[in-house]
Amino acid sequence: MLGFLKNPVVVTAEINLNLVVLTVMGLISRLWGLSYPRAVVFDEVYYGQFVSLYMKRIFFVDDSGPPLGHMLLALGGYLGGFDGNFLWNRIGAEYSMNVPVWSLRFLPALAGALCIPLAYQILVELQFSHCAALGAALLILLENSLITQSRFMLLESILIFFILLAVLSYLKFYNLQRHSSFSGGWWFWLLLTGVACSCAVGVKYMGLFTYMLLLAIAGLHFWHMLGDRNLSNVSLVCHFLARGLTLLVIPVAMYLSFFFVHLTLLYRSGPHDQIMTSAFQASLEGGLARITQGQPLEVAYGSQITLRNVLGKPMQCWLHSHTNTYPIRYENGRGSSHQQQVTCYPFKDVNNWWIVKDPGMQQLVVSNPPRPVRHGHIVQLVHGITTRYLNTHDVAAPLSPHSQEVSCYIDYNISMPAQNLWRVEIVNRESDTDVWKTILSEVRFVHVNTSAVLKLSGASLPEWGYRQLEVVGEKLSKGYHQSMVWNVEEHRYGKSQEQKEREVELHSPTRMDISKNLSFMAKFTELQWKILTLKNEDTEHKYSSSALDWITMDTNIAYWLHPTSGAQIHLLGNVCTWASANIAAVVYTCLSLWYLIRRRRKIYDIPEDAWQLWVSAGQICVGGWVVNYLPFFLMEKTLFLYHYLPALTFQILLIPIVLQHLSDHLCRSLLSKSMFNALIVAWFSSVCFAYRTFSPVTYGEPLSVAELKDLRWKDSWNILIRKQ
Amino acid sequence: MPAAGGGRAGSGPLRQRGTRRLQGAPPASALSPRPPAGWRAALGLVTLLSFASRFHRLPEPPHVCWDETHFGKMGSYYINRTFFFDVHPPLGKMLIGLAGYLSGYDGTFPFQKPGDRYEQHNYMGMRGFCAFLGSCLVPFAYLTVLELSKSLPAALLTAFILIFDTGCITLSQYILLDPILMFFLMGAVLSMVKCNSCADRPFSASWWLWLSLTGVNLAGAMGVKFVGLFVVLLVGLNTIYDLWDLLGDLNLSLVMFGKHFLARVLCLILLPLTLYMAMFAVHFAVLNKSGPGDGFFSSAFQSQLIGNNLHNVSIPEHLAYGSVVTMKNLRMAGGYLHSHWHLYPEGVGARQQQVTAYLHKDLNNLWIIKKHDSNTADLSDSSSPVEFVRHGDIIRLEHKETSRNLHSHQHEAPLTRKHFQVTGYGINGTGDSNDFWRIEVVGRRTGKLIKVLRSKIRLMHVATGCILGSTGKTLPKWGWEQVEVTCTPYVKETPNSLWNFEDHINPKLPNISLDVLKPSFAEILLESHMVMIRGNSGLKPKDNEVTSKPWHWPINYQGLRFSGVNETDYRVYLLGNPVVWWLNLFTIGLYLLIAISTAVALKRGVQLTSEHKELSRVVLCGGGQVALGWLLHYLPFFMMGRVLYFHHYFPAMLFSSMLTGITWDTLLKFFSQFLSPSTKARRVYGVGILALILLIMYSFYLFHPLSYGMIGPMASDPSSPMAGLRWMDSWEF
């Protein structure tokens, strides 16, 4: 019974001191003087806003990526006790005392520091020597651009950390595969691969590239397993399912969970509300929800409504009319109907109210019980304040002459009859008898006489239309477009028979009692879609660059400048490392091609296992560089040097691989080997020298003008020199 | 002559080497079936049907349809020899022009807008030519599939799909580039496949023939539209695979391999390049008169066009104060320095008058050169002596129409934030010291005179030291989509910041005839490509505009109106035969499934019968090539920023149809083999193929009015012939 006591409890610990020392050095290099400068540095001005909004639980939309990265930064703020009260308005602004600078910057810095042991481990798992692994770790340690990027409240270092973690865990998993499939460690590393991938994607969409690369490599490895006749079909299926579960299902679930946390945390309405649909806005606390709570759900004849255009571009707006008429002649000489203007107005206004009227009846109040409007019903829309009917006719619209003018009809007693019947088409209906619902239904208004569709053209009217947005009847309605779809936002059942009473009623706020809740999936789909499709004005930034500039580091980014002394921080790489990394990539490619062609002719220059190592190292390092770099040539967004850092990390890992390969296989004699080693020492000291030279602009040490001028090694670098 | 001599024909890229020894042996093995009997008769039949369907009602409607307005017009330009600019390379339009010329069209019809009646003008030659090329697609596809699958039913199925697809018919019946493009594209694929099947007889006459034909067709495809690049890619990948295979064959000496390599370089790179350049040479030789496209090109280029103001130009040679000039940017497709009354909008630098670069000739491009410190050098004052502008002088440029000075200051430029904004400033030529520019000629010393057209000059802003340049970025709507002009603080010698004087008016100076430096052919070629690429990337969709998305295409989501809108019009609507297209779409999924299971089965070492081996070879090699073609002609559109249209999918649709033929044939064969070896098996197989063909023919019967014209009420009306056929709400007929 007490048999387990027969053996002593033994703990054998194996500590790789290399790793420990590297980690400590990494921590020192990244964390040293972390709260200096106590001022907003570069994109902190951007991410800081989001951190503040998290602290205040206010909803926002950031089109740059998914929420995990922002949430991690916010976690730092939360741990440091940040209350979110800081105005993030310009780069260089001093932080007030309530901002916990150190803890806000801590997580990115920690992630940056941990990249160093990860790099070491990756090389070890790729089965290169510990010496090569040490080299890789040291190169990452001494890379100025990675240091700069980790030391502030920015996302790249976190992204790189997750990318490297994913690669490392996949390699660990793959190395375990050979002897111990389905063991605990095997599952752990496989699972960690999936988790790290989803975290990488969750921080920035760039993580997707590495995720795809790992999926491709996993697919390739599985393909090789298929050829292994020793494995039974059943075990292959198990392998396949295990990979599918951990590399596809779990990452997707994790990704959803990020959004779940994001949406749970942010429940208050805020500055970006109007980007979202009315239904989404109504689900947030405050804002629209305050107005729409308790509105009747079903639109009935006699309902008073405001109609919001679903597109929300160029800005959210509501169908609007006012007493002014279209000018008889436009500037370009075309004529108009001179009837009352109908526009789309981006602000709440009493003139946004419309009444749904049954063409067959005169009354403008809701009967008891209310008669709901259904899909396909024909209605008239009466403008609440002016009691004119929404109308369109075969007159060219003011700015879009191919479409029809939309007006509120004034009977001038000329041969222009009223054409004010509209058919209600619910776009997102479930059946053809659906009732038109407040907020939820997306509706098209099809003109009965001309089958034109009520549409927001996106153009803004000249002075006579008060710069409001033009609304037209689109004759050739080519398919579905959100600019033709409207939804009811505010809604109440009209009770006043008389116009005077009705005006008072229109001015009064709506009643409320119930709230409408969207399901998580509906919210997620909408938010995700907005993130992907939202486009900021892509004007060029002062420090933006093109992807081609990155290889040669022809560009830099000034992150921060001390207001009085010459101290400044730049994103600037270690020149020596960047050049060597490029050379390594070229050497790798040429050597691989050479080997490949020779092998095709059955000439084997290096032993088979060395070749396999060489190939798998290339898959990861060159592959990682390619997938993280080349897609930028196809992108049309504003690009910055820091987008290159993930690719650069992979390229740096390639340097020791190539060096070890050269020394193992090409330096045959002892003499050449020692020559090679001497060269490596010389080269490495130049890397250290470059690091030392540029460390003042990495850490922001004060420099004199002459010293700054000396640092400008390339003309294209933008080092800020104060005029005397 | 496909598969001449039998032998080991029809091998795809995965063929096994070493069968070379089979050469001359009787083609008895199951791996190398001879072409099925009756393929010639079937070829005749499909060709006949194809021509009949494309030429049926070809003259209808007798008015300009859709893009005929562009390509017909460009054909006329060739007949009239007027220079124009288009975003596509010239071959397609040249062929249209040639067809028109040969058929007696005189180039006088203006092709102003769709719907214009042709009246007495002879348009049938051009339409007939396009229809002829469009008809050839069917036999080409037939032969390609026959070669890949060695199965007559597969080839017939493909041919019938294409014959009875309303989309392919409509697209072939008008004066468009697409039939021409697809002709060369399919030609290239056919010759590539034929050449692959000649691989066991390298360097034979037929091998050389097909290899060089591939090259010729590639040049043709590239010469019609840049989309031809995708087929170049397809052939390129195939060639690389082929060479890789040859390299692995140790029986082949390196010398032989070198020969193979050189033969491909010769036929697939050098030959097409030569032809492509020859096409441009003809293009420039034919179009020798000035026309609407002049302004897109450099001064040197324009001087070659008869009727251009630079042709045999006679202007004052040296620049003097008081001269009225235009300045052209030296960047490829750079414009004229331009200004107009409109101001920069709020928030974009200072609210002063816009200065842009503009590609068209315009009065607003005129500037007057004045001394920086005086306004005296007026043209009206005839007594004052002429004073020449010299290198290094400080000048002021006054815009002639608005009398504002070219001005710059330390505000950010509208798009390129690192540069300074350039504006028009001052009233009637009175401004401030920010209007002063130092004029410098590249590579000259102080005091030298400045020559019109020949001197490359730059303007340095005196106050800030920046240089006037054009960045090539298109301004948003407020800038009328003209090109941004900035003052760059980076003093680099790039064409962006260099200018030349083009027009020069100064009545006090004698006009001298100038021979402008003639550009070499290579320069012209490069320049016209830059202009085309810029033109292509400029075709951006506008805000709030409903555009066609690539994912719409395979599901036949929405067509294009070719002619007619209203009930009384003769309406033609470009839309694929929905049955065919949905069959194609379904088949792509089916093919993926089949291909993956086949590949896995092979990898797992499942024992296959020889019939199954042959089937898997057809699926993986033949089908693989075609599927790759589909991918290459479809996926890139997802990454394109320009405006896309439904008809861009048709090249991919050709591949998709071939894939359908191959896949269904293989699938039916595979299932019928379960029932073998009775005659029942053959019957099931035959009935299956026949059912598919009949289905396609019936659907064509239903939808044929889409191509051959609909008159009368719209489909929503129950009395219309198309009533009940509007299966999707997005179809507009």
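The values are calculated or read from the model by the stated rules, or taken from the named source; none is laboratory data. Here the structure is a predicted model, which means the values were calculated and not measured. So basically every Cβ, Gly included, is an ideal-geometry build from the backbone, and we count neighbours across all protein chains shown. Quick note on the areas: whole protein, heavy atoms, side chains included, nothing else; ligands and nucleic acids left out. Shrake-Rupley method; radii C 1.70, N 1.55, O 1.52, S 1.80 Å.
Quick notes on this one:
- Looking only at segment B:76-93, and only at residues there that are of a type in the set (A, V, I, L, M, F, W, C) and touching a Phe, Trp or Tyr at 6+ places or on another chain (Cβ under 6 Å), the one that is nearest to B:Tyr174 (Cα to Cα): B:Ile79
- Selection of helices (runs of 4 or more DSSP H) fully inside segment A:196-297 by the criterion of at least 2 residues being modelled with pLDDT under 85 returns A:278-282, A:288-292.
- Per-region count, segment A:695-718, residues among the hydrophobic types (A, V, I, L, M, F, W, C), under 33 Å from the mean Cα position of the chain (by Cα) and under 21 Å from A:Ala39 (Cβ atoms): 1
- Residue satisfying condition, being surrounded by fewer than 21 Cβ atoms within 10 Å (Cβ to Cβ) and either outside the structural domain of A:His562 (by the TED database) or within 19 Å of A:Ser580 (Cα to Cα) (or both), within set A:Ser674, A:Ser716, A:Ser669, A:Ser616: A:Ser716
- Considering B:Phe109, B:Phe55, B:Phe83, the condition of being in the same structural domain as B:Ala141 (by TED's automatic domain parsing) and at pLDDT 90 or above is satisfied by B:Phe55 alone.
- Residue list for segment B:452-507, restricted to those being touching an Asp or Glu at 6+ places or on another chain (Cβ under 9 Å), aliphatic (A, V, I, L, M) and under 23 Å from B:Arg534 (Cα atoms): B:Leu475
- Among the residues listed as B:Gly624, B:Gly564, B:Gly589, the single one being open to solvent by 20 Å² or more (accessible area, probe 1.4 Å) and within 14 Å of chain A (Cβ to nearest Cβ): B:Gly564
- The strands (runs of 3 or more DSSP E) found entirely in segment A:301-396 that carry 1 or more residues being within 14 Å of another protein chain (Cβ to nearest Cβ), crowded, with 23+ Cβ neighbours inside 10 Å and not acidic (Asp, Glu) are A:303-309, A:340-345.
- Enumeration of residues in segment B:403-427 that are assigned to a loop (DSSP other than H, G, I, E, B) and touching a strand residue (DSSP E or B) at 6+ places or on another chain (Cβ under 9 Å): B:Ser403, B:Arg404, B:Ala413, B:Pro414, B:Leu415, B:Thr416, B:Lys418, B:His419, B:Gly426
- Each residue in segment B:309-322 was checked for being open to solvent by 10 Å² or more (accessible area, probe 1.4 Å), modelled with pLDDT under 85 and assigned to a loop (DSSP other than H, G, I, E, B), and 4 of them qualify.
- Residue in segment B:630-639 that is open to solvent by less than 60 Å² (accessible area, probe 1.4 Å), more than 14 Å from chain A (Cβ to nearest Cβ) and modelled with pLDDT under 90 present: no
- Once segment A:208-254 is narrowed to residues that are closer than 14 Å to A:Thr193 by Cβ and within 14 Å of chain B (Cβ to nearest Cβ), the residue that is surrounded by the most Cβ atoms within 10 Å (Cβ to Cβ) is A:His221.
- Residue tally, condition more than 14 Å from every other protein chain (Cβ to nearest Cβ) and either aromatic (Phe, Trp, Tyr) or under 30 Å from A:Ala706 (Cβ atoms) (or both), over segment A:554-613: 24
- Qualifying positions in segment B:239-253 - more than 9 Å from chain A (Cβ to nearest Cβ) and either at positive phi or part of a helix (DSSP H, G or I) (or both): B:Thr239, B:Ile240, B:Tyr241, B:Asp242, B:Leu243, B:Asp245, B:Leu246
- Condition met for B:Ala281 (among the small types (Gly, Ala, Ser) and either open to solvent by 60 Å² or more (accessible area, probe 1.4 Å) or closer than 23 Å to B:Leu525 by Cβ (or both)): yes
Listed here are the residues, each with its yes/no results for (1) in contact with a helix residue (DSSP H, G or I) (Cβ under 9 Å, 6 or more places away or on another chain); (2) crowded, with 20+ Cβ neighbours inside 10 Å.
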| site | (1), (2) |
| --- | --- |
| B:Val324 | no, no |
| B:Arg331 | yes, yes |
| B:His342 | yes, no |
| B:Gln352 | no, no |
| B:Leu359 | yes, yes |
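- Residues that are in a helix (DSSP H, G or I) and acidic (Asp, Glu) within segment B:49-88 comprise just one, B:Glu68.
- Some residue of segment B:32-44 being at pLDDT below 50 and either buried (at least 16 other Cβ atoms within 10 Å of the Cβ) or farther than 23 Å from B:Leu162 by Cβ (or both): yes
- Residue-level check: of (1) over 22 Å from B:Arg561 (Cα atoms); (2) surrounded by 24 or more Cβ atoms within 10 Å (Cβ to Cβ); (3) hydrophobic (A, V, I, L, M, F, W, C), B:Met653 misses just (1).
For (1) farther than 27 Å from B:His633 by Cα; (2) among the aliphatic types (A, V, I, L, M), each residue gets a yes or a no:
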| position | (1), (2) |
| --- | --- |
| B:Phe670 | yes, no |
| B:Thr679 | yes, no |
| B:Tyr685 | yes, no |
| B:Leu690 | yes, yes |
| B:Ser707 | no, no |
| B:Gly724 | yes, no |
| B:Glu732 | no, no |
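- Flag for B:Leu287 being in contact with a Lys or Arg (Cβ under 9 Å, 6 or more places away or on another chain) and within 14 Å of chain A (Cβ to nearest Cβ): no
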